[in-house]
Amino acid sequence: MARKIPQSNWFWYLSGIIFALIGTQFQKGPGYMDSAYYTVGGLQLFEGNGFVEPYIWNYLANPKGLPAPAFVYWMPLPSLLAFMGMWLGRSPDFVWAKLPFLLMAGFLPVLTVYLTRKVITNPAYAWIAGGLAVFPGVYALYLTIPETFIPYMIGGGLFVIIAFFANNQWIGGLESFQRFLLLGFIAGWMHLTRADGLIWLISAFGVVIWRIRPWQSRQKMRVAINGLLALLLGYLILTGGWYYRNWVVFGSMFPPGNGKSLWLTSYNQLFAYPNDHLNFTNWLKAGLPAIIHARLDALSLNLQNFLVVQGSIILLPLILVGCWSKRHHSAVKFETMMWLLILGMMTIVFPFAGSRGGFLHSGAAIQIFFWSMSVAGLEQLIIWMKKARGWGISTSMTLFGTFLILINLFIAGWFFYQRVYRVPNHHVWNESIERYQRVGERLEELHISKQLIAMVNNPPGFYWATRRPSIVIPDGDIRHALAAAKRYGATYLLLEENQENLSNLYANPHDMSGVRLLETYEGVRFFLLLPEAEWGWGEISWFKK
């Protein structure tokens, strides 16, 4: 007999939420720039400011000034979810921004158990996949913060379920109008979550064409056209308003400047100012060896993420066995193709962004499938061992399944200890925001007005902590920083120890033309930026009186 584990959706939903709730207690604020960006985006909406940003974190779109149009590089859905939490709580506190993501975390095991029941021989063992989703390894760090992980995981899981498995009266058959409409809606959800989510719309079109094979008859051609129209309708229901906003603000369906990210020759060029050199000609001048080397490095890092994050190390061989054993299933072929497409895109097209987190984010869409395949792989291995060694399938599945869940729990706990908790009363996760909060208090003591624009390493995090506008320190030397400061009106620079491109100025702080050292506080160097054409060294009229 298989181990009896409660299989109700409510059991799995509440299990997912309870574990996520335990972890999120230690995350008092957005621990890094991406999460801070989405949190502040929700805050702007909550405060009635709309789709604008009180900072500039890259210069790709050549923004005119502050406030700048929001979501030019990243997509808005995580911020919309954070806003919904704040609206429900009638408060801008971070705990409310996290609420929608916490509630969504419970769907991970629900969808994983559903999918696993469809792909393994004995559905009774789906509890193993549910346990892996409840304790999701490294992804546990990101379950409840305003980010793309949870909405992308859920979108990816729903996509494969709706496209290949779900079967009830409302959804209809595999070629039904309503199924394709729902697939379009899911593709819209994923595109509003991440810019690369557009590939899921393209893949949905592929599903329609592959399934109906319109070239075989006129009747199938009509069915395919209706399916594609349903798909497009579902997609536009969710994204149509977003495209309209882009047209009104930018005069085009897509924001400007993002194409420049194709021509980066180092990650920090994402923050370059000016960035006219980000073009194909200069990219080619880097030389073929450098171009190839960057992509080989990205491939190495992305495969390491596949091993450690997506595969939890020990799950990876089971995932491969599971995919091989189910290789004839359409869903397995599709998900394998999508994973390879994501890997290729984040290795070849966007090697720097991909290896610095892009692949980790985009690959999350396949994670529910991977958990299911790991159980399929375990089941297949034990079936082989039953034939070779006479193993009992039920006992072995229970023993090894429990072991896999405990491994995932251990990985989650270890990463929480390293990146969130570390020691009592000193939570690493909250360090950067708390430092910015203390810096903000010091700026108040120095009577530096909140209307003045700072130049900092992490503008979204700085705004969340201090409610002060800022622009990002650009790639390059102090001349580039002063050029950006003059263009956007930044009047002081906060230099932190981890600022790579101005590390010499941090290590040897001194006055120079246009820059005056004010003080060092909490390990942060305070510099005044005084363009000589506008201010003398002694001018402080822009301070509060």
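Translational D (Stokes-Einstein, µm²/s) of the stretch 310-424 at 25 °C and 0.890 mPa s when Rh comes from the Kirkwood sum over C-alpha pairs?
Translational D for this selection: 154 µm²/s.
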note = The answer for the stretch 162-290, accessible area per residue at 1.4 Å probe in Å², is 52 Å²
inquiry  = Counting C-alpha atoms alone, how compact is the stretch 1-136: give Rg to one decimal and Dmax as a whole number, in angstrom.
reply    = 19.1, 67
key: Extent along principal axes [Cα atoms of the chain; Å; largest to smallest]   = 84, 60, 53
ask   = Which order do PHE280, PHE350, PHE271 take by accessible area at a 1.4 Å probe, largest first?
value = PHE280, PHE350, PHE271
remark   = Of the DSSP H helices in the chain, the ones reaching 27 Å or more along their long axis in Cα terms and averaging at least 0.0 in Kyte-Doolittle hydropathy are 218-250, 367-389, 393-416
Descending Cα extents along the principal axes, the stretch 101-253, whole Å = 47, 46, 22
inquiry  = If I compute solvent accessible area with a 1.4 Å probe over the protein chains, what percent of it on the chain is carbon and sulfur?
reply    = 64 percent
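Quick one: pull the percentage of alpha-carbon pairs in the stretch 180-248 with a separation above 15 Å. Walk me through the numbers on the way to the answer.
Numbers: 1220 of 2346 pairs.
When all Cα pairs of the stretch 180-248 are counted, 52 percent exceed 15 Å.
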key: Cα-based convex hull volume of the stretch 239-390 per residue, rounded to whole Å³   = 146 Å³
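What does the convex hull of the Cα atoms of the stretch 182-315 come to per residue, in Å³, rounded to a whole number?
Output value, Cα hull per residue: 194 Å³.
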ask   = Taking the inverse of the average 1/r across all pairs of different Cα atoms in the stretch 378-505, what Kirkwood radius in Å do you get?
value = 18.9 Å
query = Considering only Cα-Cα distances, which of the following residue pairs are longer than 24 Å: LYS326/LYS386; LYS64/LYS260; LYS64/LYS98; LYS333/LYS386; LYS326/LYS387; LYS64/LYS486?
reply = LYS64/LYS98; LYS333/LYS386
note = For the stretch 407-457, Rg(Cα) over 2.2 N^0.38 Å is 1.69
request  = Sort LEU518, LEU530 from largest to smallest accessible area, using a 1.4 Å probe on the heavy atoms of the protein chains.
outcome  = LEU518, LEU530
ask   = What ranking of TYR417, TYR273 comes out by heavy-atom accessible area, probe 1.4 Å, highest first?
value = TYR417, TYR273
query = Using the heavy atoms of the protein chains alone and a 1.4 angstrom probe, what is the accessible area of the stretch 430-527 per residue in square angstrom?
reply = 41 Å²
ask   = When the Cα centres of the stretch 489-522 and the stretch 444-484 are compared, how far apart do they sit, in Å?
value = 11 Å
note = Among PHE527, THR144, PHE159, the residue whose Cα sits farthest towards the positive end of the charge dipole of the chain, when +1 is placed on the Cβ of each Lys and Arg and -1 on the Cβ of each Asp and Glu, is PHE159
ask   = Could you state the number of Å between the C-alpha centres of the stretch 290-335 and the stretch 383-434?
value = 19 Å
query = Dipole of the stretch 321-393, Cα-centred, from +1 at each Lys and Arg C-beta and -1 at each Asp and Glu C-beta, to the nearest 20 debye?
reply = 280 debye
request  = Along each of the three principal axes of the Cα atoms of the stretch 287-372, give the extent in whole Å, ordering the values from largest to smallest.
outcome  = 43, 24, 18
remark   = Projecting the Cα atoms of LEU229, GLY184, ILE212 onto the charge dipole of the stretch 161-289, where Lys and Arg contribute +1 and Asp and Glu -1 at Cβ, the residue farthest towards the positive end is ILE212
key: Relative frequency of Cα-Cα separations exceeding 18 Å in the stretch 128-218, percent   = 53 percent
request  = Report, ordered by chain and residue number, the aspartates and glutamates lying within cross-link reach of LYS220, taken as a straight Cα distance under 16 Å and ignoring same-chain residues fewer than 8 apart.
outcome  = GLU175
ask   = How much length, in nm to one decimal, is gained on full extension between ILE313 and TRP10, taken as 0.36 nm per residue of separation minus their Cα-Cα distance?
value = 106.1 nm
Net dipole in debye of the chain [+1 Lys, Arg Cβ; -1 Asp, Glu Cβ; about Cα centre; nearest 20] = 2120 debye
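Which value, in debye to the nearest 20, describes the size of the charge dipole of the stretch 34-178 about its Cα centre when Lys and Arg Cβ atoms bear +1, Asp and Glu Cβ atoms bear -1, and nothing else is charged?
240 debye
The values are calculated or read from the model by the stated rules, or taken from the named source; none is laboratory data. Remember, it's a predicted structure, so these values are computed and weren't measured experimentally. Positions of Cβ are backbone-derived with ideal geometry, glycine not excepted, and every protein chain shown enters the neighbour counts. To get the accessible areas, we keep the full protein, side chains included, count just its heavy atoms, and leave off ligands, DNA and RNA. Shrake-Rupley method; radii C 1.70, N 1.55, O 1.52, S 1.80 Å.
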